[in-house]
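Here it is, the structure in full.
The values are calculated or read from the model by the stated rules, or taken from the named source; none is laboratory data. All of these numbers come straight from a predicted model, not from anything done at the bench. Using ideal geometry, Cβ is built from the backbone for each residue, glycine included, and neighbour counts are taken over all protein chains shown.
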Amino acid sequence: MPHQPMTVAGVEVFPLCDAVGPMGETIRRPLPEMFPGGCHHDGEWILHFHCYLLRDAAGRTVLVDTGIGPQDGPAASWAPVPGALAAELARVGTTPEEVDTVVITHLHSDHVGGAVADGAPVFPNAGYVLQRAEIAAASEAVLDHVVRPLGDRVRVVDGDADLSSGVRVLHAPGHTPGHQIVRVGDLVLTGDLVLHPVQLADPGVPYLYDDDPELAARTRAEVLDRVRAEGGLISTAHFAEPFTRLP
Ligand SMILES: [Zn+2]
Ligand SMILES: [Zn+2]
């Protein structure tokens with residue numbers, strides 16, 4: 001059953017379910033180790049891998065993240081490749097050529113795995129929005145596989161910036177140095193700012209793979225407080241449900 005879209009501030013938001021599955025054994029750990037102090041049960045963590053397409057009334061499109069990518073892509077060592085992003089985009093009536101802007105929340109392989117194929121941008125007419133701090137912190141391998149092949153399509157942003165149609169990117173560091181989130185109306189697309197629902201109950205619960213767990217926790221608390229104060233919603237990358245209204 002595909003996830004249903006919703007309209008926020010005149011922009012249609014389509015959740016694109018790239019994949020569903022557990023993490024591969026190379027990085028899988030029991031949940032109490034993944035979320036220290038937050039998870040006390042040891043059930044299996046089944047992740048969804050969500051990208052989102054935003055489309056305004058004029059047909060302008062912003063794709064948030066590009067998923068896990070192909071069978072032999074950079075996420076293959078741990079994620080349930082291949083991703084279904086192309087089919088999901090087709091399901092909501094958009095071709096790769098029609099995507100105007102791609103926001104890369106951060107350079108982890110399950111968020112950029114579908115950005116480049118055969119050394120060329122998968123969304124050939126799009127600008128790819130990345131934070132300067134994220135590029136500065138990237139490994140040579142990531143620069144080689146993702147950033148350099150995008151060439152002059154990369155739009156480097158320093159901090160917060162308006163895109164189009166009331167869509168805004170906000171620097172939200174901690175999970176990675178240049179992690180960014182996307183805001184439209186009272187909806188915030190949170191990338192990997194929040195990984196698991198236990199972090200809604202307590203934003204202080206760290207995630208094992210946060211680069212800077214203390215900064216991530218601080219950023220998470222700030223963003224969630226603001227969304228709660230507005231009675232808003234979040235869309236995460238890895239929850240089973242794409243839209244979560246904060247209690
Ligand atoms: Zn899903
Ligand atoms: Zn990540």
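Report, by residue number, each residue of segment 205-247 that is within 16 Å of ligand 2 (Cβ to nearest atom) and part of a helix (DSSP H, G or I).
P213, L215, A216, A217, T219, R220, V223
Going by the conditions given, is L193 touching a Leu at 6+ places or on another chain (Cβ under 9 Å) and more than 13 Å from ligand 2 (Cβ to nearest atom)?
Numbers: touching a Leu at 6+ places or on another chain (Cβ under 9 Å): yes; more than 13 Å from ligand 2 (Cβ to nearest atom): no.
No: the conditions fail for L193.
Now a separate question. How do the pairs read when you match residues in segment 11-23 that are free of Cβ contacts under 8 Å to residues at least 40 places away in the same chain with residues anywhere that are basic (K, R) and buried (at least 18 other Cβ atoms within 10 Å of the Cβ), using Cβ under 8 Å and keeping only pairs 6 or more apart or on different chains?
none
Within 16 Å of ligand 1 (Cβ to nearest atom), of a type in the set (D, E) and within 19 Å of A117 (Cα to Cα), is that true of D18?
Numbers: within 16 Å of ligand 1 (Cβ to nearest atom): yes; of a type in the set (D, E): yes; within 19 Å of A117 (Cα to Cα): yes.
Taking the combined requirement at face value, the residue satisfies it.
Within segment 61-72, can one find any residue that is in a loop (DSSP other than H, G, I, E, B), over 15 Å from L189 (Cβ atoms), without any contact (Cβ under 8 Å) to a residue 60 or more places away in the chain and within 16 Å of ligand 1 (Cβ to nearest atom)? Spell out the reasoning first.
The initial filter retains those residues of segment 61-72 that are in a loop (DSSP other than H, G, I, E, B), namely 65-72.
Checking the rest, the ones that are also over 15 Å from L189 (Cβ atoms) come to 68-72.
Add one more test, that the residue is without any contact (Cβ under 8 Å) to a residue 60 or more places away in the chain, and what stays is 68-72.
Filter once more, so that each one left must be within 16 Å of ligand 1 (Cβ to nearest atom): 68.
Checked segment 61-72: at least one residue is in a loop (DSSP other than H, G, I, E, B), over 15 Å from L189 (Cβ atoms), without any contact (Cβ under 8 Å) to a residue 60 or more places away in the chain and within 16 Å of ligand 1 (Cβ to nearest atom).
Moving to a separate point now. Among the candidates A86, A90, A75, single out the residue that is assigned to a loop (DSSP other than H, G, I, E, B) and among the aliphatic types (A, V, I, L, M). Even if it seems obvious, please write down each step before you answer.
On the way: A86 fails: assigned to a loop (DSSP other than H, G, I, E, B); A90 fails: assigned to a loop (DSSP other than H, G, I, E, B).
Testing whether each residue is assigned to a loop (DSSP other than H, G, I, E, B) and among the aliphatic types (A, V, I, L, M) leaves just A75.
Criterion first (over 30 Å from G119 (Cα atoms), in contact with a strand residue (DSSP E or B) (Cβ under 9 Å, 6 or more places away or on another chain), assigned to a helix (DSSP H, G or I) and more than 16 Å from ligand 2 (Cβ to nearest atom)) does L150 satisfy it?
Details: over 30 Å from G119 (Cα atoms): no; in contact with a strand residue (DSSP E or B) (Cβ under 9 Å, 6 or more places away or on another chain): yes; assigned to a helix (DSSP H, G or I): yes; more than 16 Å from ligand 2 (Cβ to nearest atom): yes.
Spelling it out, it is not the case that L150 is over 30 Å from G119 (Cα atoms), in contact with a strand residue (DSSP E or B) (Cβ under 9 Å, 6 or more places away or on another chain), assigned to a helix (DSSP H, G or I) and more than 16 Å from ligand 2 (Cβ to nearest atom).
In segment 59-77, how many are surrounded by fewer than 22 Cβ atoms within 10 Å (Cβ to Cβ), at pLDDT 95 or above and either of a type in the set (G, A, S) or touching a Gly at 6+ places or on another chain (Cβ under 9 Å) (or both)?
2
Hey, any hits in segment 23-34 for a residue that's assigned to a loop (DSSP other than H, G, I, E, B) and either acidic (D, E) or buried (at least 22 other Cβ atoms within 10 Å of the Cβ) (or both)? Break it down stepwise before answering.
Looking only at segment 23-34, we keep the residues that are assigned to a loop (DSSP other than H, G, I, E, B), and these are 23-30.
Subsequent filtering for residues that are either acidic (D, E) or buried (at least 22 other Cβ atoms within 10 Å of the Cβ) (or both) retains 25.
Among the residues of segment 23-34, at least one is assigned to a loop (DSSP other than H, G, I, E, B) and either acidic (D, E) or buried (at least 22 other Cβ atoms within 10 Å of the Cβ) (or both), which makes the answer yes.
Still on this structure, I have one more. Can you tell me which of (1) part of a loop (DSSP other than H, G, I, E, B); (2) crowded, with 20+ Cβ neighbours inside 10 Å; (3) away from ligand 1 (no atom under 16 Å from the Cβ) is the one G114 doesn't meet?
Here G114 clears every test but (3).
While we're looking at this one, here's another question. Cβ-Cβ below 7 Å, separation at least six or inter-chain, first residue in segment 186-206 and over 17 Å from V169 (Cβ atoms) and in contact (Cβ under 8 Å) with a residue 60 or more places away in the chain, second small (G, A, S) and part of a loop (DSSP other than H, G, I, E, B): which pairs?
Close Cβ pairs (under 7 Å, with a partner that is small (G, A, S) and part of a loop (DSSP other than H, G, I, E, B)) amount to V198/G38; Q199/G38; D202/G38; V205/G37; V205/G38.
Identify, by number, the condition in (1) touching a His at 6+ places or on another chain (Cβ under 7 Å); (2) of a type outside the set (A, V, I, L, M, F, W, C); (3) within 15 Å of ligand 1 (Cβ to nearest atom); (4) in a loop (DSSP other than H, G, I, E, B) that T105 doesn't meet.
With (1) touching a His at 6+ places or on another chain (Cβ under 7 Å); (2) of a type outside the set (A, V, I, L, M, F, W, C); (3) within 15 Å of ligand 1 (Cβ to nearest atom); (4) in a loop (DSSP other than H, G, I, E, B) applied to T105, the lone miss is (3).
Would you point out which residue out of H48, H41 is closer than 26 Å to I234 by Cβ and touching a residue at least 40 places away in the same chain (Cβ under 8 Å)?
Values: H41 fails: touching a residue at least 40 places away in the same chain (Cβ under 8 Å).
Of H48, H41, the one residue that is closer than 26 Å to I234 by Cβ and touching a residue at least 40 places away in the same chain (Cβ under 8 Å) is H48.
Go through G113, G119 for me and flag whichever is small (G, A, S), out of contact with any Ser or Thr (no Cβ under 8 Å at 6 or more places or on another chain) and over 30 Å from D225 (Cα atoms).
Details: G113 fails: out of contact with any Ser or Thr (no Cβ under 8 Å at 6 or more places or on another chain).
The conditions single out G119.
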